[in-house]
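Notes follow the structure.
The values are calculated or read from the model by the stated rules, or taken from the named source; none is laboratory data. Just so we're clear, the structure is a prediction, and the values are computed from it rather than from any experiment. Using ideal geometry, Cβ is built from the backbone for each residue, glycine included, and neighbour counts are taken over all protein chains shown.
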Amino acid sequence: MLINKNIILESLLHFNKKLNEIDDDLSQLSWDSNEELVVLTKNMIINILNRFLNHEISSFEIEKWAELIEGREDIGIEIEFKEYINNIIFSLANPILSFPDGIINDEVVNHLLNS
């Protein structure tokens, strides 16, 4: 059964399914899009970062989550916080380039939350 594209993208943004299920669902979709179907907000980012700090998701999962979002044309970014959100998604998706020792840890996530 083919799931609605918006539902798949919302599941990704809210990370409300297992990562491998989200990844499988996304594999059904094209990366290219003429329109933004969903919007990633600052509050969604904060929620995901707090879930990491509460040990609900791992450093591997938060990195993979950001990788799945990065570069998707069908995901818009909350305009008032576009630079903030883009920087965090890039940093999480590319920890080797972004963080000391290339590791996502509590210190790094707390810094992102307070930036």
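Descriptive notes on the structure:
- Against the numbered list (1) within 18 Å of F90 (Cα to Cα); (2) of a type outside the set (A, V, I, L, M); (3) surrounded by fewer than 18 Cβ atoms within 10 Å (Cβ to Cβ), N4 comes up short only at (1).
- When segment 15-30 is filtered for residues that are under 30 Å from H111 (Cα atoms), without any contact (Cβ under 8 Å) to a residue 40 or more places away in the chain and surrounded by 14 or more Cβ atoms within 10 Å (Cβ to Cβ), only K17 remains.
- Residues of segment 68-89 that turn out to be within 11 Å of the chain's Cα centre (by Cα), outside any loop (DSSP other than H, G, I, E, B) and exposed (fewer than 15 other Cβ atoms within 10 Å of the Cβ), as a count: 1
- Checking each residue in segment 1-42 for being acidic (D, E) and closer than 22 Å to I57 by Cα picks out E10, E21, D23, D24, D25.
- Selection within segment 1-15 - outside any helix (DSSP H, G or I) and either touching a strand residue (DSSP E or B) at 6+ places or on another chain (Cβ under 9 Å) or at pLDDT 95 or above (or both): F15
- Test for E78: is it at pLDDT 95 or above, touching a strand residue (DSSP E or B) at 6+ places or on another chain (Cβ under 8 Å) and over 15 Å from L12 (Cα atoms): yes
- The residue that is surrounded by the fewest Cβ atoms within 10 Å (Cβ to Cβ), among those in segment 31-67 that are among the hydroxyl-bearing types (S, T, Y), in contact (Cβ under 8 Å) with a residue 40 or more places away in the chain and in a loop (DSSP other than H, G, I, E, B), is S33.
- Counted residues, segment 90-108 - those being out of contact with any Ser or Thr (no Cβ under 6 Å at 6 or more places or on another chain) and in a helix (DSSP H, G or I): 12
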